[in-house]
Amino acid sequence: MTTHLLVLCTHNSARSVLAEAMLNDWARRLGRDVRVVRAPCMGACDRAPVCAVGHVQVMKATDASVAKLVHSGTHAHAIKPGVDFEQYCAAGGYRLLNDALGGTRTRDDLIKLVSDAGLRGLGGAGFPTGRKWSLVRAEPGPRLMAVNADEGEPGTFKDRHYLALDPHRFIEGMLLAAYVVEAAEIYIYIRDEYPEIRLMLLDEIAKVERAGLTKFSKIHLRRGAGAYICGEESAMIESIEGKRGLPRHRPPYVAQVGLFGRPTLEQNVETLYWIRDIVEKGPAWFTSHGRRERKGLRSFSVSGRVKKPGVVLAPAGVTARELIDEYCGGMISGETFKAYLPGGASGGILPASMADEPLDFGTLEKHGCFVGSHAVVILSERDDIKAVALNLMKFFEDESCGQCTPCRVGSEKAVKLMEKGPWDAGLLTELSDLMRDASICGLGQAAPNPLLCVLKYFPDDMTRPLGRW
């Protein structure tokens, strides 16, 4: 008997109860030849509930749409990009790259422009891009480049959006960065849950190669290993090399000893996406945007209890309340803003009373949170904040690579303590401190953030039990 696989995302914090109900219902009704399993995140929080039939994602899934596909033998096809190679070139695309390759734009010029614009790594760390280019360039050759298109942080889908919208703006930025550091080869590590994007990139990159634009650097496309940990740069590099994705001890840093032992420039999709605009329009164009003394543009993946979830392009320094009111059409009718995740699963949880804090690098750390990949999940009074924190801790338990004991055992113990209840604030805080202080990488260090935020900012919720206690 052929078994059909149906994978349902149960992570979305504002829709997890609905997803669990759908999972249990489908497991009963779709037949013995259909295996229904959970997935912690599928990069489509703005279109939840979402599931994958075979390897094809079904957005805003319903009983009818899933039943129609589950026995159809469907498979992924390349999407049509918003702007393909021909359209991009007709609008002046790759002119900047040709100028650089022809000597009109020097490497030092490009480094200065992105530095003056204040462009930072937009995958989560926020490291200054120009400085990173200089550091890698200072290392002995040959040098390599790795692009993180894995986008595994729950609540994040902006890279997917930009790759589908205008892939060549990203590709040109990537080639310019490779030109600056003289990277002989580029490895793009793309999330396996984005098969239609991967197939499209294969087609579009082939066009770029045929046009002779990649003679100085060979491009490789690698499927992600399906692990959250591979969003960490050294774990991603281990995976690209064909090994288990485990974070490396540092130093040495990736810029010194990265892919195959060579100095490596590691960049995020969105960071590379802005390079052409910054160079052509000038740093002043980029820095002219901003609020509350912050400068630049930021892309937010907004999901949850808002009327219009999706990717929002807003000035740096915007607040969660402004995202809701100005960009997302307000809260869903009848729902009251209660809390928000400012930086995906690992960025913590803040109450609505703190929704006027600027969402930017370095502004939320004093509250035990961070903006990270700019994934903002909006919660309402309908959401059980304790259940949200438990759902997030289960995610970290599932995604821990197991390399270090504080993360591997700590996340498991935290889940058990949180499920059992009532919550022992002292014990959970002690366990969280151990995970933060002793875990090798950011996964274990950040996993307790949502839990600690509930203990600190939601005292009323602490007096109420989880539904199953």
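Numbers for the structure displayed
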{"quantity": "Filter pass, Lys132 being surrounded by 13 or more Cβ atoms within 10 Å (Cβ to Cβ) and without any contact (Cβ under 8 Å) to a residue 12 or more places away in the chain", "calculated": "no"}
{"quantity": "Among (1) at pLDDT below 85; (2) open to solvent by 50 Å² or more (accessible area, probe 1.4 Å) - the single one Thr104 does not satisfy", "calculated": "(1)"}
{"quantity": "Residue selected from the range 70-88 under the condition outside any loop (DSSP other than H, G, I, E, B) and open to solvent by 50 Å² or more (accessible area, probe 1.4 Å), by the criterion nearest to Gly310 (Cα to Cα)", "calculated": "Gln87"}
{"quantity": "Unique match (being surrounded by fewer than 20 Cβ atoms within 10 Å (Cβ to Cβ), closer than 30 Å to Pro342 by Cβ and modelled with pLDDT under 95) among Leu18, Leu30, Leu5", "calculated": "Leu18"}
{"quantity": "Leu165, sole failed condition from (1) within 22 Å of the chain's Cα centre (by Cα); (2) closer than 22 Å to Arg105 by Cα", "calculated": "(2)"}
{"quantity": "Answer residue from the range 440-457, given it is open to solvent by less than 10 Å² (accessible area, probe 1.4 Å) and not in a helix (DSSP H, G or I) and is nearest to Ser234 (Cα to Cα) among those", "calculated": "Ala447"}
{"quantity": "Top-ranked residue in the range 52-69 [being of a type in the set (A, V, I, L, M) and open to solvent by 40 Å² or more (accessible area, probe 1.4 Å); ranked as modelled with the highest pLDDT]", "calculated": "Met59"}
{"quantity": "Selection from the range 401-439 of residues that are part of a helix (DSSP H, G or I), among the hydrophobic types (A, V, I, L, M, F, W, C), buried (at least 19 other Cβ atoms within 10 Å of the Cβ) and in contact with a Ser or Thr (Cβ under 9 Å, 6 or more places away or on another chain)", "calculated": "Cys407, Ala414, Met435"}
{"quantity": "Looking only at the range 212-224, and only at residues there that are open to solvent by less than 40 Å² (accessible area, probe 1.4 Å) and part of a loop (DSSP other than H, G, I, E, B), the one that is modelled with the lowest pLDDT", "calculated": "Gly224"}
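Results for (1) assigned to a strand (DSSP E or B); (2) out of contact with any Ser or Thr (no Cβ under 6 Å at 6 or more places or on another chain); (3) surrounded by 22 or more Cβ atoms within 10 Å (Cβ to Cβ), shown as yes or no for each residue.
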{"site": "Val147", "(1), (2), (3)": "yes, yes, yes"}
{"site": "Glu153", "(1), (2), (3)": "no, no, yes"}
{"site": "Thr156", "(1), (2), (3)": "no, no, yes"}
{"site": "Asp159", "(1), (2), (3)": "no, yes, yes"}
{"site": "Ile171", "(1), (2), (3)": "no, yes, yes"}
{"site": "Ala177", "(1), (2), (3)": "no, yes, yes"}
{"site": "Ile186", "(1), (2), (3)": "yes, no, yes"}
{"site": "Asp192", "(1), (2), (3)": "no, yes, no"}
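The values are calculated or read from the model by the stated rules, or taken from the named source; none is laboratory data. Nothing here was measured: the structure is a model prediction, and the numbers come from that model. No Cβ is skipped: glycine too gets one built from the backbone with ideal geometry, and neighbour counts run over all protein chains shown. Quick note on the areas: whole protein, heavy atoms, side chains included, nothing else; ligands and nucleic acids left out. Shrake-Rupley method; radii C 1.70, N 1.55, O 1.52, S 1.80 Å.
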